[in-house]
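Below: one structure, written as structure tokens.
The values are calculated or read from the model by the stated rules, or taken from the named source; none is laboratory data. Only a predicted model underlies this, so the values are computations on that prediction, with no experimental measurement involved. As a convention, Cβ positions derive from the backbone with ideal geometry for all residues, glycine included, and neighbour counts pool all protein chains shown. SASA here: full protein model, heavy atoms, side chains in, ligands and nucleic acids out. Shrake-Rupley method; radii C 1.70, N 1.55, O 1.52, S 1.80 Å.
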Amino acid sequence: MSRRYDAAEIEPRWVARWEEERLYRASDDPSDERPRFYALDMFPYPSGDLHMGHAEAFSGGDAVARYQALRGHNVMHPIGWDAFGLNAENAAIKRGTPPAEWTYANIEQQATSFRRMGMSFDWARRVQTCDPEYYRWTQWLFLRLFERGLAYRKSAPVNWCPKDQTVLANEQVIGGACERCGTPVERRELTQWFFKITDYAQRLLDDVELLTDWPDRVVTMQRNWIGRSEGAEVTFTIDETGEDVTVFTTRPDTLWGATFFVFAVEHPAVRRLAEVGGTWADVEPLVRKAQQTSMVDREAADTKEGVFLGVHVVNPVNGERIPCFAAPYVLMGYGTGAIMAVPAHDERDFAFARAHDLPVRVVIQPADAPAADGDTMTEAMPHDGVMVNSGPFDGEASTAAIRKVVEWLEDEGRGQAAVNFRLRDWLISRQRYWGAPIPIVHCPEHGEVAVPDDQLPVPLPEDVDFQPGGESPLARHPTWKHVTCPTCGAEATRDTDTMDTFVDSSWYFFRYCSPGYADGPFRREDVDRWMPANQYTGGVEHAILHLLYCRFFTKALYDMGMIGFVEPFPRLMNQGQVIYGGASMSKTKGNIIEPMPIVERWGADTMRLIMLFAGPFEDDIDWKLIAGDADRRPGVHQWLGRVFTAVDDAVRTDAVEPVTLVRLTHKTIKGVTEDMDRFRFNTAISKLQVLTNEIRSTLDAEGGAQEAAGALVQMLAPVAPFAAEELWREVMGNGSSVHVSSWPAYDPALAADDTVTMVVQVNGKVRDKIEVAAGISETDAEATARASERVARALDERVVVKTIVRAPKLVNLVVRD
């Protein structure tokens with residue numbers, strides 16, 4: 001009787017056996033000559049147990065790690081947890097438990113689930129960002145950036161959630177409200193810590209060219225977020241005060257069309273100028289309204305809203321005196337926080353001009369079109385055309401004249417060429433408890449003083465009231481913040497902000513290389529051994545900020561001489577999202593499906609195969625479509641049952657393997673190898689199912705299938721590791737794990753197709769498709785094409801003047817009447 005597939009009996013046994021054998025420990029032994037492969041997954045956040053989104057992502061990453069081990073690599077596949085942050089703190093507040101207690105409990109729950117799933121993690125390299133031994137080095141790295149002027153403090157407007165009592169990034173504001181609690185977001189002016197990522201803007205942009213194995217859409221998002229613009233800085237003068245105000249423009253060729261000037265409402269000059277102009281009483285309500293509006297909503301602000309400041313600027317190119325306004329559609333974070341407004345050629349400026357009865361002057365006339373009249377225009381005009389009303393540049397082609405205008409501004413001393421970036425400095429301050437404390441002491445005499453390295457970590461106090469309200473929890477602590485200055489010994493206070501969790505996740509992959517290292521965040525030789533990571537796997541939702549911050553940290557560490565490369569992960573694989581109830585699964589949305597019930601009922605291999613077989617790995621998956629009836633046995637589980645009986649029967653017979661099965665086996669090895677190299681897990685599994693069916697048919701016909709069965713089990717190992725191990729060791733009798741065996745090889749001759757479809761064209765138009773031998777000669781290919789009745793009818797006795805043969809796939813007959 002064939003062996004029955006029983007996941008519940010097989011899988012827990014192999015979990016224990018693999019851990020006992022330390023099967024997945026990466027070797028740091030210099031004498032190990034195997035090529036190294038760093039398989040890196042984006043580490044999870046411990047908000048409860050794992051969900052199906054985790055199941056998909058880590059099944060794919062694990063398949064990569066196992067496949068590379070079978071290909072002969074010394075694989076490092078670590079695991080850790082991104083464990084600080086507001087989600088953990090809010091959940092702990094809701095439950096009345098300390099954040100550490102809630103976080104560590106969730107970590108252990110997820111670790112247990114990962115083990116039961118059979119993930120091939122090297123557990124000796126485990127990292128948890130909330131461990132003091134980890135955030136000690138987060139603080140240490142902060143101080144290295146601080147020493148180089150890359151960490152600094154300044155006052156800045158921020159998005160503030162009054163309920164969560166913390167700063168929010170723009171991406172955390174949805175429809176003007178906090179994405180976590182739904183509370184309307186306010187604007188506040190706070191003194192905050194920043195990392196000077198803008199110092200690296202050009203390098204971050206240039207080095208995108210190195211990321212040739214990243215998805216195109218991620219590369220595009222990185223470029224767009226950095227947002228390099230070339231143009232000019234032009235200095236206008238406030239007529240009433242004589243002070244200069246600089247603007248950045250990408251279109252200096254439109255300077256002659258500026259008819260008014262606009263400041264962002266939070267620009268430091270607004271109040272002063274409004275007081276000079278006697279309009280502060282009118283401007284102040286607009287400023288207050290802007291302070292209660294998130295940056296995201298500001299970007300979509302009504303362009304018609306604004307207030308005259310009562311002052312004017314002088315346009316440096318024509319000496320014209322034009323009025324100044326404050327308006328929310330201009331943002332302090334872009335350019336200089338002030339713009340010259342050219343309403344004839346900018347939609348937002350045009351809407352504002354019409355609302356405030358301001359002149360519209362055409363300075364670029366579209367070529368070969370009737371002359372436009374600014375008084376009667378109904379919308380802004382394109383920038384391309386011929387310059388008019390533009391002094392010495394009348395008649396110039398506008399786009400081509402930009403460089404000439406910049407050179408003229410420089411010669412006249414009225415402006416200069418400039419580059420601007422959309423990228424802003426990274427705001428890292430958070431006014432909450434559950435994060436890495438910023439290791440700075442504020443001294444009345446010496447200002448910002450770094451905590452000495454030998455006093456790190458600056459630990460989080462345990463006896464803290466972490467309920468939100470008023471000051472941050474650390475600021476409210478009665479003793480924690482009171483210290484002496486490391487420089488002079490005078491009474492001082494600790495900084496009471498904690499770091500954005502993106503800081504923790506911007507360097508964790510370095511720590512994996514040196515687990516437990518106590519003399520620094522990592523050893524240079526360890527990082528040199530394993531990095532850059534060969535493969536990074538994770539969600540596309542992290543395509544911008546997380547990846548950008550990792551790249552910034554890597555370049556900063558390179559400049560410090562701590563590493564020898566400038567990009568951390570040259571190869572990136574994004575999985576799609578798992579959709580349920582019309583949205584991606586998340587605790588926040590309450591649409592979680594957990595994998596463990598599926599694992600317990602059908603097995604971890606079945607859970608993996610459901611996710612990997614659902615479609616291309618990078619595509620979104622609708623859980624309702626792939627799961628179907630929860631009580632029905634999944635199709636991939638039925639297939640595993642067939643694999644078990646087929647392999648068990650195959651090892652019981654010593655009959656000769658037929659040529660047809662031998663050829664299919666070699667074709668399957670070739671195809672699955674190519675699929676695994678391209679992360680096409682779904683098509684690889686499909687090919688294994690075809691091979692399984694052929695093995696079964698061969699056995700039913702009393703043929704042999706031992707070689708085919710062995711290859712099937714080895715190719716199954718990356719995607720169904722438990723079933724493959726049971727078959728390899730217990731059914732086939734091998735002494736060591738299938739996961740340390742060698743990936744099966746194929747003979748190219750046996751893997752070649754017997755026939756291919758040859759396309760026959762007449763004058764480039766397809767007239768027939770013919771199955772021919774894969775090795776057909778050019779002469780025979782042409783003869784076969786001419787013998788086709790469809791081709792003969794298309795030729796219709798016309799003369800063939802040229803024959804193009806690309807055997808065995810194409811014959812094109814070129815004819816004339």
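The table that follows gives values for the structure above.
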{"quantity": "Some residue of the stretch 363-385 being open to solvent by less than 60 Å² (accessible area, probe 1.4 Å), on the phi > 0 side of the Ramachandran plot and part of a helix (DSSP H, G or I)", "calculated": "no"}
{"quantity": "Arg414 over 30 Å from the mean Cα position of the chain (by Cα) and basic (Lys, Arg)", "calculated": "yes"}
{"quantity": "Pair list, Cβ under 7 Å, 6 or more apart: the stretch 27-47 residue open to solvent by 80 Å² or more (accessible area, probe 1.4 Å), other residue among the small types (Gly, Ala, Ser)", "calculated": "Arg34/Gly72"}
{"quantity": "Close pairs (9 angstrom Cβ cut-off, 6 or more residues apart or separate chains): under 15 Å from Trp18 (Cβ atoms) and open to solvent by 30 Å² or more (accessible area, probe 1.4 Å) in the stretch 730-746, in a helix (DSSP H, G or I) and of a type in the set (Val, Ile, Thr) anywhere", "calculated": "Glu730/Ile10"}
{"quantity": "Selection status of Thr660, out of contact with any helix residue (DSSP H, G or I) (no Cβ under 7 Å at 6 or more places or on another chain) and closer than 30 Å to Asn574 by Cα", "calculated": "no"}
{"quantity": "Where a residue in the stretch 116-135 is free of Cβ contacts under 8 Å to residues at least 60 places away in the same chain and its partner, wherever it lies, is buried (at least 16 other Cβ atoms within 10 Å of the Cβ) and of a type outside the set (Lys, Arg), with Cβ under 6 Å and at least six apart", "calculated": "Gln128/Trp81; Gln128/Ala83"}
{"quantity": "Elements of type helices (runs of 4 or more DSSP H) in the stretch 612-688, at least 3 residues being without any contact (Cβ under 8 Å) to a residue 60 or more places away in the chain, open to solvent by 70 Å² or more (accessible area, probe 1.4 Å) and out of contact with any Leu (no Cβ under 7 Å at 6 or more places or on another chain)", "calculated": "659-677"}
{"quantity": "Subset of the stretch 712-729 [among the hydrophobic types (A, V, I, L, M, F, W, C) and open to solvent by 10 Å² or more (accessible area, probe 1.4 Å)]", "calculated": "Trp728"}
{"quantity": "Subset of the stretch 118-135 (residues that are open to solvent by less than 40 Å² (accessible area, probe 1.4 Å) and not basic (Lys, Arg))", "calculated": "Gly118, Met119, Ser120, Phe121, Asp122, Val127, Gln128, Thr129, Cys130, Asp131, Tyr134, Tyr135"}
{"quantity": "Counted residues, the stretch 305-362 - those being of a type in the set (A, V, I, L, M) and assigned to a loop (DSSP other than H, G, I, E, B)", "calculated": "9"}
{"quantity": "Residue check, Leu86 in contact with a Phe, Trp or Tyr (Cβ under 8 Å, 6 or more places away or on another chain), farther than 15 Å from Ala717 by Cβ and touching a residue at least 12 places away in the same chain (Cβ under 8 Å)", "calculated": "yes"}
{"quantity": "Unique match (being within 20 Å of Asp82 (Cα to Cα), part of a helix (DSSP H, G or I), open to solvent by less than 10 Å² (accessible area, probe 1.4 Å) and of a type in the set (Val, Ile, Thr)) among Thr554, Thr606", "calculated": "Thr554"}
{"quantity": "Residues that are assigned to a loop (DSSP other than H, G, I, E, B), over 20 Å from the mean Cα position of the chain (by Cα) and modelled with pLDDT of 95 or more, drawn from the stretch 34-54", "calculated": "Arg34, Pro35"}
{"quantity": "Test for Arg223: is it surrounded by fewer than 16 Cβ atoms within 10 Å (Cβ to Cβ), basic (Lys, Arg) and over 13 Å from Ala341 (Cα atoms)", "calculated": "yes"}
{"quantity": "Exclusive hit being within 25 Å of Ala543 (Cβ to Cβ) and not small (Gly, Ala, Ser), set Val218, Val276, Val247", "calculated": "Val218"}
{"quantity": "Among residues of the stretch 228-259, those that are within 19 Å of Pro359 (Cβ to Cβ) and among the hydrophobic types (A, V, I, L, M, F, W, C), counted", "calculated": "5"}
{"quantity": "Single match in His442, His446 (criterion: open to solvent by 30 Å² or more (accessible area, probe 1.4 Å), within 23 Å of Arg188 (Cβ to Cβ), more than 34 Å from the chain's Cα centre (by Cα) and not basic (Lys, Arg))", "calculated": "His442"}
{"quantity": "Residue identified as farther than 30 Å from Gly704 by Cβ, touching a strand residue (DSSP E or B) at 6+ places or on another chain (Cβ under 9 Å) and not small (Gly, Ala, Ser) among Pro570, Pro595, Pro616", "calculated": "Pro570"}
{"quantity": "Matching strands (runs of 3 or more DSSP E) fully within the stretch 482-539 where at least 2 residues are touching a residue at least 40 places away in the same chain (Cβ under 8 Å), open to solvent by less than 40 Å² (accessible area, probe 1.4 Å) and touching a strand residue (DSSP E or B) at 6+ places or on another chain (Cβ under 8 Å)", "calculated": "535-539"}
{"quantity": "Residue selected from the stretch 153-167 under the condition open to solvent by less than 50 Å² (accessible area, probe 1.4 Å) and either without any contact (Cβ under 8 Å) to a residue 40 or more places away in the chain or hydroxyl-bearing (Ser, Thr, Tyr) (or both), by the criterion nearest to Thr496 (Cα to Cα)", "calculated": "Thr166"}
{"quantity": "Filtered residue count, the stretch 96-117, keeping only those that are open to solvent by less than 10 Å² (accessible area, probe 1.4 Å) and under 26 Å from the mean Cα position of the chain (by Cα)", "calculated": "7"}
{"quantity": "Where Ser514 falls short, out of the listed (1) more than 15 Å from the chain's Cα centre (by Cα); (2) within 27 Å of Val719 (Cα to Cα)", "calculated": "(2)"}
{"quantity": "Residues that are open to solvent by 50 Å² or more (accessible area, probe 1.4 Å) and closer than 28 Å to Val659 by Cα, drawn from the stretch 751-776", "calculated": "Asp753, Asp754, Thr755, Thr757, Lys769, Glu771, Ala773, Gly775"}
{"quantity": "All positions within the stretch 409-423 that are in contact with a helix residue (DSSP H, G or I) (Cβ under 7 Å, 6 or more places away or on another chain) and either open to solvent by less than 50 Å² (accessible area, probe 1.4 Å) or modelled with pLDDT under 95 (or both)", "calculated": "Leu409, Gly415, Ala417, Phe421, Arg422, Leu423"}
{"quantity": "Residue match in the stretch 585-598 (condition: small (Gly, Ala, Ser), under 30 Å from Arg551 (Cα atoms) and part of a loop (DSSP other than H, G, I, E, B))", "calculated": "yes"}
{"quantity": "Residue among Pro366, Pro323 that is out of contact with any Lys or Arg (no Cβ under 6 Å at 6 or more places or on another chain) and closer than 14 Å to Val245 by Cβ", "calculated": "Pro323"}
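Residue by residue, here is whether (1) within 23 Å of Val158 (Cα to Cα); (2) open to solvent by less than 70 Å² (accessible area, probe 1.4 Å) holds:
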residue	(1), (2)
Ile197	yes, yes
Glu209	no, no
Val218	no, yes
Gly231	no, yes
Asp239	no, no
Asp244	no, no
Asp253	no, yes
Leu273	no, yes
Ala281	no, no
